[in-house]
Amino acid sequence: LLALASAAAAQGERTVRRIEFEGLRLHSSDEVLRKMETREGKPWSEAVFDADRRRLYATGWFARFEKSPRCVFDGPDAVVLAIEVFENDVVREIRYAGNRQFNDQEISENSFLKAGEYYSEFRMTMDANRIRDRYIEEGYAFVKVDPSRSPGERGVIATFTVREGPRARVRKVELHGLRELSRVKARKVISSSAGSFLGNIFSPPVYKAQELARDVEKLARYAQSEGYLDARVYLKELEWNEDRTRVTAHIQVEEGILYVVDSMDIEGNKVIPTPELMRGLLALPGEPCALKNVERDEDVLIGRYRDAAYVDADVQLRQT
């Protein structure tokens with residue numbers, strides 16, 4: 001026990017003998033040391049070094065700042081702190097190539113990477129994704145954005161090469177699997193094929209993947225609102241023409257069964273009698289359990305209580 005206590009005490013008194021840096025190019029050792037609490041001649045502390053590392057990462061100077069395998073933490077020469085660093089370069093210039101739909105000013109809006117600041121691979125990737133998303137939003141479904149960096153005289157040159165591809169438009173949206181639900185009402189729900197028949201021929205809507213995904217969600221809500229509570233809707237296929245400028249979207253609807261209200265009861269009403277509350281409701285026994293009717297009935301019940309000056313009245317649906 002005495003030996004262990006002695007060893008622990010010795011370990012706690014380890015002093016930083018020397019600090020070495022490997023890989024510094026743009027900053028001097030003195031510049032880095034001025035940002036650190038760890039000092040030669042001071043006791044070694046792992047917690048202090050971790051705080052130093054976080055502080056130096058926050059400066060943006062380094063992509064890597066870690067202890068080297070050459071560190072010495074045991075023996076009479078401890079502690080020799082060897083630190084491996086990889087410095088971030090400064091962005092001297094940002095260039096764009098291949099962009100025709102958007103000019104350089106438009107394509108650089110809200111960019112993460114900025115000239116004069118430290119280069120970051122993560123920010124460059126974020127910008128490539130941002131540019132790609134903007135093109136996709138305008139119907140360029142096959143756009144590719146290739147980021148690259150090259151050394152410059154006083155920093156790196158970041159280049160984003162855009163391959164726009166064709167701009168795609170929605171030729172048609174085909175709905176499959178509709179048997180009981182109204183095809184006319186279902187088509188009114190979706191927006192990817194909005195517009196008149198002639199309008200869609202001469203100026204079809206731009207293909208937007210996110211909008212098509214929202215249409216699938218809208219169709220599912222529509223089916224549930226009609227009483228098909230287990231309805232499943234999904235994008236079955238995208239059918240492209242040869243030059244990939246027109247697409248036919250095939251959406252599959254699996255209606256499931258139509259749920260019917262088996263029984264309906266109202267609880268908690270003390271002021272207004274149940275028969276009076278039931279009057280004019282739509283989600284009654286024997287009727288389809290359509291969510292649109294249930295939501296409408298909730299509003300009707302709340303309205304009747306508020307008409308009676310119960311402004312804080314609330315109605316909660318419980319299904320079994």
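The values are calculated or read from the model by the stated rules, or taken from the named source; none is laboratory data. Being a predicted model, the structure only gives us computed values, none of them experimental. Cβ coordinates were reconstructed from backbone atoms using ideal geometry, including for glycine residues, and neighbour counts include every protein chain displayed. In case anyone asks, the SASA skips ligands and DNA or RNA and just uses the protein heavy atoms, side chains included. Shrake-Rupley method; radii C 1.70, N 1.55, O 1.52, S 1.80 Å.
General remarks:
- Selection from LEU277, ALA168, ALA308, by position along the positive dipole direction of the chain (Cβ): ALA168
- Calculated Kirkwood radius over Cα pairs in Å (choose from [x] 24.4; [y] 21.3; [z] 27.0), label: [z]
- Residue-level accessible surface for SER192, protein heavy atoms, 1.4 Å, Å²: 10 Å²
- At R0 = 30 Å, FRET efficiency that the Cβ-Cβ distance of GLN101 and ALA213 yields, to 0.05: 0.85
- Amide H partners (placed H, <5 Å) of GLU237, local residues excluded: HIS250
- Cα-centred dipole magnitude for the chain, charges only on beta-carbon of K, R (+1) and D, E (-1), debye, nearest 20: 860 debye
- When you work out D = kT/(6 pi eta Rh) for region 231-280 at 10 °C and 1.306 mPa s, using the Kirkwood radius from C-alpha pairs as Rh and the Stokes-Einstein form, the result is 100 µm²/s.
- Cα-projected label distance for GLU66 with GLU237, points at 7 Å along beta-carbon direction, nm: 4.9 nm
- Listed residues ALA220, ALA82, ALA249, most fluctuating in the chain (Gaussian network, C-alpha, under 10 Å): ALA82
- Options VAL184, VAL206, GLN224, ranked by Cα towards positive dipole end of the chain, top entry (Cβ charges): VAL206
- Using θ = phi - 60° in the Karplus curve 6.51 cos²θ - 1.76 cosθ + 1.60, the 3J(HN,Hα) couplings for region 235-250 round to 6, 7, 6, 10, 9, 9, 7, 4, 8, 6, 9, 10, 9, 10, 9, 9 Hz; x is entered for Gly and Pro.
- Averaging the Cα positions of each part gives two centres, and for region 64-93 and region 202-224 these lie 54 Å apart.
- Here the chain carries DSSP beta bridges of which approximately 60% are antiparallel, counting only pairs with both residues inside.
- Surface listing: GLU87, GLU106 arranged by accessible area from highest to lowest gives GLU106, GLU87, probe 1.4 Å.
- Distance from the Cα centroid of region 243-294 to that of region 131-156 is 48 Å (rounded to whole angstrom).
- Highest-fluctuation residue, ARG244, ARG95, ARG17 considered, GNM on the chain with Cα pairs under 10 Å: ARG17
- Taking all protein chains into account, the per residue accessible area for the chain stands at 61 Å² (1.4 Å probe).
- Set of lysines near LYS218 by C-alpha distance (under 21 Å), chain-local residues within fewer than 8 positions excluded: LYS172, LYS185, LYS188, LYS208, LYS236, LYS292
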